[in-house]
Amino acid sequence: MNDDLVRKDYNALSPDLVLSALEHFGFQTDARIFPLNSYENRVYHIGIEDEEPLIAKFYRPERWTNEAILEEHVFTEQLSEQELPIVTPKKIDGQTLLEYQGYRFAVYPRQGGQSAEPGDLDQIHQLGRLIARIHAIGKTASFQHRPTINPIMYGQKAAHFILDNKFVPEHLEQSYREVTEKLIGDIEKIFSETNQLDWIRGHGDCHYSNILWHRDDGPWFVDFDDCATGPAMQDLWMLLAGSHQEQSLQLSEILDGYNEFCDFNNAEIRLIEPLRTLRLLHYHAWLAKRWIDPTFPKNFAWFNTESFWAEHIGDLKIQQEAIHHTPLTCY
């Protein structure tokens, strides 16, 4: 990439530039371009003359290194080569990571489908089987440039960013500091006490919006932008919904399918609430880091108000109790 043209933001990313980028790499667009729902990156549905439309993802400047992005691409290619339903970037002259006018981007085939149905036990069982296959391949190598989902990276660093950048109102700062320090310390202890905890390559953000269910092909996993090293449970707990009893039943179905292809360490069931808490901390630090992007104050107006921080501290206190609750029971 030409260092003189490396972009610091999205200000120059116009529809014309997006279309020019695709045409620069040999795609004949028909000038139809539709932005898709994405805040972290900029993602577009682009019409191609006499062919199926494509999806172009323009990576947020300065977020990932090239090496981290390429690790994502290599991982998804490894999964796809084993006939897993993974949407992978197209190769253009042997390259998946492209650059145009200082922006890095990747081009994907369009994948149709609807979000999976939370609570559907048949679908959940199938997802458990597929995630196990992802993890079986994930165990064969390690990430060198991707993040690790652990109490330090997703908890301590997130809380420190919030505090260091003065997002919390002064009169609530001490309360936020105390609850996050206690939470993170307790979560670190729970992680350390989890027997035979295995750190593997995984999707990292495996919620229902990142799983498209096609009526003929079944589920397709999309958006590995947050793929990371973490416990196997990280890719499972976000599939759970409903009451404690309902979640226990769902977890049983997930693990029944999972254990067909990869052995699950039942000790990790205790990590569900700690992982939920780390996601909560990480998510709000992410919003804080993006607050200078005009898109974020416009779409997340509820964030960074006094009432929000008071409520957030209350939620963290609830999680302080939740992480010590009896874990879900598999039937």
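Things to note:
- Residue list for the range 2-14, filter: of a type outside the set (Gly, Ala, Ser) and either assigned to a loop (DSSP other than H, G, I, E, B) or within 26 Å of the chain's Cα centre (by Cα) (or both): Asn2, Val6, Arg7, Lys8, Asp9, Tyr10, Asn11, Leu13
- From Thr29, Thr96, Thr88, residue being over 28 Å from Ala136 (Cβ atoms), out of contact with any Phe, Trp or Tyr (no Cβ under 7 Å at 6 or more places or on another chain) and polar (S, T, N, Q): Thr29
- Only listed residue being free of Cβ contacts under 8 Å to residues at least 12 places away in the same chain and of a type in the set (Val, Ile, Thr), chosen from Thr305, Thr229, Thr295, Thr277: Thr305
- Residue match in the range 79-93 (condition: under 20 Å from Gly204 (Cβ atoms), in a helix (DSSP H, G or I), at pLDDT 95 or above and within 21 Å of the chain's Cα centre (by Cα)): yes
- Search result, residues across the range 299-331 that are assigned to a helix (DSSP H, G or I), farther than 23 Å from His207 by Cβ and of a type outside the set (Phe, Trp, Tyr): Glu306, Ser307, Ala310, Ile313, Gly314, Lys317, Gln320, Glu321
- Checking every residue in the range 240-247 against the condition of being at negative phi and crowded, with 21+ Cβ neighbours inside 10 Å gives zero matches.
- The lone exception for Ala21 - which of (1) touching a Phe, Trp or Tyr at 6+ places or on another chain (Cβ under 6 Å); (2) closer than 23 Å to Ser209 by Cβ; (3) assigned to a helix (DSSP H, G or I); (4) of a type outside the set (Ser, Thr, Tyr) it fails: (2)
For (1) assigned to a helix (DSSP H, G or I); (2) within 19 Å of the chain's Cα centre (by Cα); (3) within 24 Å of Ser192 (Cα to Cα), each residue gets a yes or a no:
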| residue | (1), (2), (3) |
| --- | --- |
| Ala106 | no, yes, no |
| Arg129 | yes, no, no |
| Arg133 | yes, yes, no |
| Ile137 | yes, yes, no |
| Ile162 | yes, no, no |
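- Per-region count, the range 262-284, residues surrounded by fewer than 17 Cβ atoms within 10 Å (Cβ to Cβ) and within 17 Å of Ile200 (Cα to Cα): 4
- Among the residues making up the range 155-207, those that are in contact with a helix residue (DSSP H, G or I) (Cβ under 9 Å, 6 or more places away or on another chain) and of a type in the set (Phe, Trp, Tyr) are Phe161, Phe167, Tyr176, Phe191.
- Screening Gln320, Gln247 for residues that are farther than 20 Å from His135 by Cα, polar (S, T, N, Q) and in contact with a Ser or Thr (Cβ under 9 Å, 6 or more places away or on another chain) leaves exactly one candidate, Gln320.
- If you go through the range 29-51 and keep only what is part of a strand (DSSP E or B), surrounded by 15 or more Cβ atoms within 10 Å (Cβ to Cβ) and not charged (D, E, K, R), you end up with Thr29, Ile33, Val43, Tyr44, Ile46, Gly47, Ile48.
The values are calculated or read from the model by the stated rules, or taken from the named source; none is laboratory data. Note that this is a predicted model, so its numbers are computed, not measured. Note that each Cβ is placed from the backbone with ideal geometry, even for glycine, and that neighbours are counted across all protein chains shown.
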